[in-house]
Amino acid sequence: MKNVSRLPRLYGELSSWWPILSAPEDYAEEAQFYRRLIVSECSNPPETLLELACGGGNNASHLKKYFRMTLVDLSPDMLVVSHSLNPECEHIQGDMRTVRLGQQFDAVFIHDGIVYMTSERDLRQAIETAYVHCKPGGVALFAPDHTRETFRSSTKHGGHDSRDWSMRYLEWTWDPDPGDTTYFTDFAYLLRDADGQVRCEYDRHLCGLFGQQDWLRIISEAGFRARAVPFEHSEIELGSCEVFTGLKPPAKSQQEGWMSNTLCSTLSSILTDTGEIEKQECCACCKRRELINAKSQRCGSDLVCRGAGTTRYKLPPTL
Ligand SMILES: C[S@@+](CC[C@H](N)C(=O)[O-])C[C@H]1O[C@@H](n2cnc3c(N)ncnc32)[C@H](O)[C@@H]1O
């Protein structure tokens, strides 16, 4: 039976080994991918970033150069590890399913810690937490290790040396029951201390596995506009992994302001006989994303941005 209710040992009694299992420098390239994605998806330049399940703060150690970051994790031990790497960031202990900080951020990020959501109910709660803490016009980014479609059983090994300690690990990812929403990652850690003594520890991680359509549906149901994005990394085959973004729709007042600037104020001068207007210039929306459907507040028309600098307004017959 797949039942692991506690946090893996790596995030508790073994947490001080985390930085030599998973070194901050190994995250530099992926952190840049996440940064670019967050910036390109947000409606306004993002300044504040909430990371849920920050772990040892490895991604944060790169992202904090670009954003003012607040870091949340369930494990007090992992917060200690992250705080020593990122003392300038705010650290808060909390569960990504239930934590409520009473403030909103330009962007919310949940990296691989999202895999500890092992049921649809847990995943939904975590995504709702992201929604509650995301400003209108902001974005949430979710980066699971696998989706149901991309999951493959695998073995990996790695580890690093510090001045006094060394560790090597074997990581074995497998799924005994493809019909449910979980899989296992079993770890064997070889831990060598300053005296040269080596001990071996075993640790089972119970992880969640959901299909792409489930991700998109749950993110949409939380209120976001959901998108799947291929993960780009020099060591990972393109298409073998994807991340998910949720854009929180801008507040109505923001939409109205934008509409009146880009649509309604120019209506009379560019209306054609066919009832369609094509305008060869980039609106704020086109710069941000490829396709958006929105209702104009003033003329009631449907606005469809087709990207690449072309905005087509479909006008109702009465105009
Ligand atoms: C692999 S580590 C994250 C490492 C991180 N991506 C980094 O850049 O260093 C996963 C983290 O998820 C945390 N976690 C697991 N369940 C959680 C929950 N319900 N709420 C918040 N954090 C959780 C664990 O405590 C652990 O620190």
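Residues checked against (1) surrounded by fewer than 17 Cβ atoms within 10 Å (Cβ to Cβ); (2) hydroxyl-bearing (S, T, Y); (3) part of a strand (DSSP E or B):
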position: I92; (1), (2), (3): yes, no, yes
position: F109; (1), (2), (3): no, no, yes
position: D122; (1), (2), (3): no, no, no
position: T129; (1), (2), (3): no, yes, no
position: G138; (1), (2), (3): no, no, yes
position: G158; (1), (2), (3): yes, no, yes
position: D164; (1), (2), (3): yes, no, no
position: R168; (1), (2), (3): no, no, yes
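Being more than 13 Å from the ligand (Cβ to nearest atom), surrounded by fewer than 15 Cβ atoms within 10 Å (Cβ to Cβ) and either under 23 Å from F184 (Cα atoms) or within 18 Å of the chain's Cα centre (by Cα) (or both) is a description that does not apply to R6.
Filter the range 174-189 down to residues that are touching a residue at least 24 places away in the same chain (Cβ under 8 Å) and surrounded by 15 or more Cβ atoms within 10 Å (Cβ to Cβ), then give me how many there are. Residues meeting the conditions: 7. For the range 10-53, a tally of residues being hydrophobic (A, V, I, L, M, F, W, C), out of contact with any strand residue (DSSP E or B) (no Cβ under 9 Å at 6 or more places or on another chain) and farther than 22 Å from E232 by Cα returns 1. Just so you know, in the range 224-239 the residues that are exposed (fewer than 15 other Cβ atoms within 10 Å of the Cβ) and not aliphatic (A, V, I, L, M) include one that is nearest to G179 (Cα to Cα), and it is G239.
For L85, the criteria (1) under 20 Å from D122 (Cβ atoms); (2) more than 7 Å from the ligand (Cβ to nearest atom) hold in every case but one, which is (1). Selection within the range 121-165: residues that are hydroxyl-bearing (S, T, Y) and within 18 Å of the chain's Cα centre (by Cα). The member of this set that is farthest from L71 (Cα to Cα) is T150. Residue by residue through the range 111-120, note down the ones that are buried (at least 17 other Cβ atoms within 10 Å of the Cβ) and more than 14 Å from V72 (Cα to Cα). Scanning the range 111-120 gives V115, Y116, M117, T118. The set of residues from the range 87-113 being free of Cβ contacts under 8 Å to residues at least 40 places away in the same chain and of a type in the set (A, V, I, L, M) comprises just one member, I92. Comparison of V39, V99 shows that the only residue that is farther than 27 Å from M167 by Cβ and within 13 Å of the ligand (Cβ to nearest atom) is V99. Of the residues making up the range 140-151, those that are outside any strand (DSSP E or B) and away from the ligand (no atom under 12 Å from the Cβ) number 6.
Every number here is computed from the coordinates shown, using simple stated rules; none is lab data. All values derive from a computational prediction rather than experimental measurement. Methodologically, a virtual Cβ is constructed for each residue, glycine included, from the backbone with ideal geometry; neighbour enumeration extends over all protein chains shown.
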